[in-house]
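Read through the structure below, which is laid out as structure tokens, and then see the notes.
The values are calculated or read from the model by the stated rules, or taken from the named source; none is laboratory data. Here the structure is a predicted model, which is why all the values come from computation and not from measurement. No Cβ is skipped: glycine too gets one built from the backbone with ideal geometry, and neighbour counts run over all protein chains shown. Each accessible area value is taken on the protein alone, full model and side chains, heavy atoms only, with ligands, DNA and RNA left out. Shrake-Rupley method; radii C 1.70, N 1.55, O 1.52, S 1.80 Å.
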Amino acid sequence: MKHFKKNNTVTYNLISYTGFKSLLLFSLLLDAPHTFEEIQDFYRTNEYIHEEISFDTIRVYMTSLKRIGCEIARKRYPEGSRYHIVSHPFEFKVDADQIKAVTKIYKILLQSASVADLFACDTFLRDLAAKIGSKELLNIIEKMSVFNGVSSSLVKELIECSKDNRKITILYNSPQSGEKDIQLIANGLSYKDDKIYLNGISLEYSQETAYLLDRIKDISAIHEQKSAEDVEIKYTTVGYELSNLTTGAALDENEKIVEIKEDSILIEAYTSNLFMLKRKILSYGPLCTVLYPEDFRNDIISTLKKMQEEYQND
Amino acid sequence: MTKRKLSEKYNDSCIRIFELIKLFARGEASFSEVIKLFANEKGEVSQISNVLLNKYMNTLKIYGIDVRKSKQTYVLHKMPFSVSLNEKELYIVGLIKNAMSLMPNGKNKKSLQNFISNLEEKYDYDTKMLSAMVAPSANYDLAFYFKKFEHQIEDCERYCQEGKPIEICYIDSEGNRVKMEAQPQEIKYHDKVVCLGVYNPASSFDFDIPVGSIIYIRTCVQNKNKSRKVYTSVVFKVKGGLAKRYKVREWESAETLDDGSLIITNKGEDIQTLFTRLFKYGECCEILSPKYLRKTMSKKIEKTLKNYNL
């Protein structure tokens with residue numbers, strides 16, 4: 001505007017003064033609801049306008065805005081009616097069908113993208129919803145997000161630490177023992193069973209472990225680089241047979257198919273965390289049989305027997 | 001200059017400045033299109049039109065709308081309502097577009113395409129330039145299931161959109177052929193498997209049926225009225241260490257017993273997913289009701305033990 005000012009007054013012959021005033025009204029009514037008196041006051045005190053504008057002129061401007069496609073709402077307040085632009089032809093509108101489609105694509109990404117990309121997608125959609133002022137889009141993202149209740153900075157830090165496999169100490173709210181510090185080598189974030197986990201090598205138990213993201217309160221310390229080879233981990237090779245699967249088995253990174261039979265496949269898992277593998281094997285129910293090692297096979301049998309006992313009184 | 005009767009009076013300059021913005025909002029506008037806005041009542045462009053155009057361009061400039069002229073074409077570089085994205089954000093748009101290209105054709109894909117094209121239309125100039133340079137991610141296996149079952153997924157989408165009752169026949173996770181009447185709900189995604197979510201009024205349960213295991217789907221000849229979805233409650237007990245770390249789902253309610261155990265009431269979870277989950281909990285979980293599900297669980301345990309010759 002300064003380019004059009006000479007001797008502290010605007011040289012109106014260089015701009016469309018009325019056009020400029022209507023643009024200012026457009027911005028004002030987009031920001032918040034205003035009464036006619038407030039609009040008058042705005043023009044009176046504006047450093048470039050300094051002009052008394054009648055209610056009639058404001059009405060004419062508003063009618064013009066409506067004519068170009070603005071929807072102006074009027075709400076009654078004790079101090080008078082307030083006017084607000086609720087939609088305009090230049091905004092990025094997202095309708096209900098598009099929001100539904102966004103939730104679909106989010107679900108697809110949940111199953112396929114890395115957690116780092118998923119987090120970036122989550123952040124992008126939230127920022128976009130805020131930018132375009134779509135409460136509906138924001139609400140749906142908040143409802144479907146798997147990062148709810150976790151601070152963005154914590155997720156960012158965990159992603160960074162995992163990239164370098166850093167040794168870190170996390171403050172973890174353990175269901176068993178309450179809040180405590182846990183030292184681990186961060187290996188990455190993963191999504192499973194509707195939850196996000198931090199995978200790592202626990203330095204306390206010398207085994208691969210997964211920690212629920214929403215139970216991690218903070219990163220207490222980031223230590224010097226330490227590689228997994230520096231930690232002595234006890235691995236076990238478990239062989240199991242999976243039969244008659246119609247949906248396709250999702251092999252973990254530490255698993256491989258060793259034999260394909262007519263009705264089943266033989267899988268070998270190389271793991272340091274038998275607890276997690278046990279849960280996976282149990283989830284297959286009758287479709288799965290552990291073949292070796294004997295002690296793990298016996299552990300599964302013992303669990304099944306205990307389960308059976310619960311239903312024996314029927 | 002005002003026109004029309006008092007209640008509908010509008011101002012030419014107001015209209016014209018916004019018409020000009022509308023033209024530029026498309027991204028590009030030719031000089032001939034733009035100057036037409038400033039033609040006289042007979043539609044003639046004169047020297048005055050050029051002067052007016054300059055005044056309006058100056059007005060837009062001070063309002064913060066950056067439009068640059070190059071070879072008889074005006075190019076919008078930035079305006080207050082345009083969307084500015086950085087490289088990382090454009091990468092995510094690329095990721096979404098990649099995933100979208102693998103979605104089955106249907107209403108959802110069309111809506112998402114509209115969403116993306118509306119978004120791209122709103123890019124400011126810098127974002128448009130940058131988007132041409134950011135290659136969409138190609139390193140992700142988004143095709144996990146879609147390519148193989150593309151047509152089946154499309155058919156399932158169509159059944160969901162039609163919303164008519166269906167007869168569905170499929171192979172369940174234990175290899176049994178199952179036939180049921182159901183109401184198609186939506187396409188769901190479980191651990192890289194695409195499922196058709198249906199509601200079975202006979203059992204009052206939702207079933208998520210893997211698309212690849214469906215043998216056939218027929219629309220029921222009799223157009224039965226949609227029955228209201230009433231779900232059967234499944235009540236189970238969670239004990240020991242699991243009770244402490246159990247995360248109550250959105251569709252569950254929990255009651256804590258004196259010994260720390262939890263009584264969970266679950267309503268509306270796909271029955272197969274629920275069984276898989278409860279089985280995984282081992283001896284820390286026991287189904288309390290309904291009785292027939294207790295029996296089903298007991299049989300499953302028995303069948304699993306038979307795998308070990310027990």
Q: Can you tell me the 0 to 90 degree angle between the C-alpha axis of helix A:294-310 and the longest principal axis of chain A, rounded to 10?
A: 70
(Q) Could you tell me the relative contact order of region A:236-310? Use alpha-carbon pairs under 8 Å, at least six residues apart, and round to a whole percent. (A) 38
Q | chain B: most fluctuating residue of B:C160, B:C195, B:C285 per GNM, C-alpha cutoff 10 Å | A | B:C285
Q. In the structure displayed, which of B:K9/B:K71; A:K195/B:K237; B:K97/B:K188 lie more than 31 Å apart, Cα to Cα?
A. B:K9/B:K71
Q: Would you be so kind as to identify which of B:L274, B:L20, B:S30 lies farthest towards the positive end of the dipole of chain B, taking Lys and Arg as +1 and Asp and Glu as -1 on Cβ and the Cα centre as origin?
A: B:L20
Q: Loop sites only, by DSSP: take the GluC sites (Glu not before Pro) in chain B that have at most 12 other C-beta atoms within 10 Å and name the longest stretch containing none of them.
A: B:45-249
Q: Report the convex hull volume per residue for region A:236-310, counting only C-alpha atoms, in Å³.
A: 90
Q: List the relative contact order of chain B as a percent without decimals, with contacts defined as Cα pairs under 8 Å and 6+ residues apart.
A: 10
Q | Surface accessible to a 1.4 Å probe, per residue, for the residues of the protein assembly as shown, Å² | A | 50
Q. Among A:Q312, A:V115, A:L125, whose Cα sits farthest toward the positive end of the charge dipole of chain A (+1 at Cβ of Lys/Arg, -1 at Cβ of Asp/Glu, about the Cα centre)?
A. A:L125
Q | P(r), alpha carbons of region B:3-56 - 5 Å bins starting at zero, rounded % | A | 4, 17, 26, 24, 15, 9, 4, 0
Q) Residues of region B:171-189 with accessible area at least 30 Å² lower in the all-protein-chain context than alone (1.4 Å probe)? A) B:S173, B:E174, B:E186, B:Y189
Q | Hz values of 3J(HN,Hα) by residue in region A:182-190 - Karplus curve (6.51, -1.76, 1.60), Gly and Pro given as x | A | 10, 9, 7, 9, 6, 10, x, 9, 9
Q: Output the DSSP H helices from chain B with an along-axis C-alpha extent of no less than 15 Å and a mean Kyte-Doolittle hydropathy no less than -0.5.
A: B:12-25, B:47-63, B:87-101
Q. Within straight cross-link reach of B:K22, meaning Cα distance under 19 Å, which aspartates and glutamates are found once same-chain residues fewer than 8 apart are removed?
A. A:E71, A:E91, B:D12, B:E33, B:D66, B:E120, B:E121, B:D124
Q: Work out the mean other chain Cβ neighbour count within 10 Å for the residues of B:286-295 and drop it here as an integer.
A: 1
**Q.** Folded to 0 to 90 degrees: helix A:55-67 orientation relative to chain A principal axis, Cα
**A.** 50
(Q) For chain A, take the longest principal axis of its alpha carbons; what is the angle in degrees between that and the long axis of helix A:152-163, to the nearest 10 within 0 to 90? (A) 50
Q: May I have the extent of the alpha carbons of region B:160-219 along their three principal axes, as whole Å values ordered from largest to smallest?
A: 26, 22, 21
Q) Farthest toward the dipole's positive end in the protein assembly as shown, which of A:I53, B:I168, B:P184, given Cβ charges of +1 (Lys, Arg) and -1 (Asp, Glu) about the Cα centre? A) A:I53
Q) In µm²/s, what is D for chain B at 10 °C and 1.306 mPa s, where D = kT/(6 pi eta Rh) by Stokes-Einstein and Rh is the Kirkwood radius from Cα pairs? A) 63
Q) To the nearest whole number, what is the average tally of beta carbon atoms from other chains within 10 Å of the beta carbons of peptide A:60-73? A) 5
Q: State the three equivalent ellipsoid semi-axes of region B:43-88, derived from the C-alpha gyration tensor as the square roots of 5 times its eigenvalues, in descending order and whole Å.
A: 27, 13, 8
**Q.** Relative contact order for chain A, counting Cα pairs under 8 Å that sit 6 or more residues apart, in percent
**A.** 9
Q.
For q values of 0.12, 0.13, 0.14 Å⁻¹, compute log₁₀ I(q)/I(0) with the Debye formula on a Cα-only model of region B:158-310, without solvent.
A. -0.59, -0.68, -0.78
Q: Within a 10 angstrom radius of each residue's Cβ in A:301-313, how many Cβ atoms of other chains show up on average? Whole number is fine.
A: 6
Q) Can you give the alpha-carbon Rg of region A:2-87 over 2.2 N^0.38 Å, where N counts its residues? A) 1.14
Q) Do you know the Lys pair count in region A:89-176 for C-alpha distances under 16 Å, with sequence separation 8 or more or different chains? A) 8
Q) Cα-based Rg of chain A per 2.2 N^0.38 Å, rounded to two decimals? A) 1.59
Q: With springs connecting C-alpha atoms under 10 Å apart, model chain A as a Gaussian network and identify which of A:Y211, A:Y83, A:Y106 has the largest mean-square fluctuation.
A: A:Y83
Q) What distance in nm separates the simple spin-label points at B:V45 and B:K295, each placed 7 Å from Cα in the Cβ direction? A) 8.5
**Q.** Globularity ratio of the protein assembly as shown, using Cα Rg and 2.2 N^0.38 Å
**A.** 1.24
Q: Compute the length gained on full extension between B:L242 and B:S30: take 0.36 nm times their separation in residues and subtract their Cα-Cα distance, giving the result in nm to one decimal.
A: 69.5 nm
Q.
Assuming 0.36 nm per residue, please report the length gained on full extension of the stretch A:K93 to A:Y235 beyond their Cα-Cα distance.
A. 45.7 nm
Q: Return the Rg/Rh value of region A:152-230, two decimal places, where both radii are evaluated on C-alpha atoms and Rh is the Kirkwood radius.
A: 0.93
Q: Sum up the charges of everything whose Cβ sits under 11 Å from the Cβ of B:C284, counting Lys and Arg as +1 and Asp and Glu as -1, but leave B:C284 out.
A: +4
Q: State the extension gain, in nm to one decimal, for the chain segment bounded by B:Q113 and B:K88, taking 0.36 nm per residue of separation less the distance between their alpha-carbons.
A: 7.0 nm
Q: Can you tell me the FRET efficiency between A:N254 and B:E154 if r is taken as the Cβ-Cβ distance and R0 is 41 Å, rounded to the nearest 0.05?
A: 0.70
Q. Using a 1.4 Å probe on the protein chains only, how many percent of the accessible area of the protein assembly as shown belongs to carbon and sulfur?
A. 48
Q. At q = 0.16, 0.19, 0.23 Å⁻¹, what base-10 log of I(q)/I(0) does the Debye formula yield for region A:76-196 when every alpha carbon is treated as an equal point scatterer in vacuo?
A. -0.88, -1.10, -1.36
Q: Can you tell me the equivalent ellipsoid semi-axes for region B:1-138? Use √(5λ) from the Cα gyration tensor, largest first, whole Å.
A: 37, 18, 13
Q) What FRET efficiency, computed as 1/(1 + (r/R0)^6) with R0 = 56 Å and r the Cβ-Cβ distance, is obtained for A:D299 and A:T35, rounded to the nearest 0.05? A) 0.15
**Q.** When region B:233-306 is reduced to its Cα atoms, the Kirkwood hydrodynamic radius in Å
**A.** 12.6
Q: Please state the charge dipole magnitude for region B:160-219, taken about the Cα centre, from unit charges on C-beta atoms (+1 on K and R, -1 on D and E), reported in debye and rounded to the nearest 20.
A: 160
Q: Kindly provide the trypsin sites (Lys or Arg not before Pro) of region B:194-278 that DSSP labels as loop, not H, G, I, E or B, and whose Cβ sees at most 10 other Cβ atoms within 10 Å.
A: B:R228
**Q.** Buried area at the B-A interface (accessible, heavy atoms, 1.4 Å probe, summed, Å²)
**A.** 8500
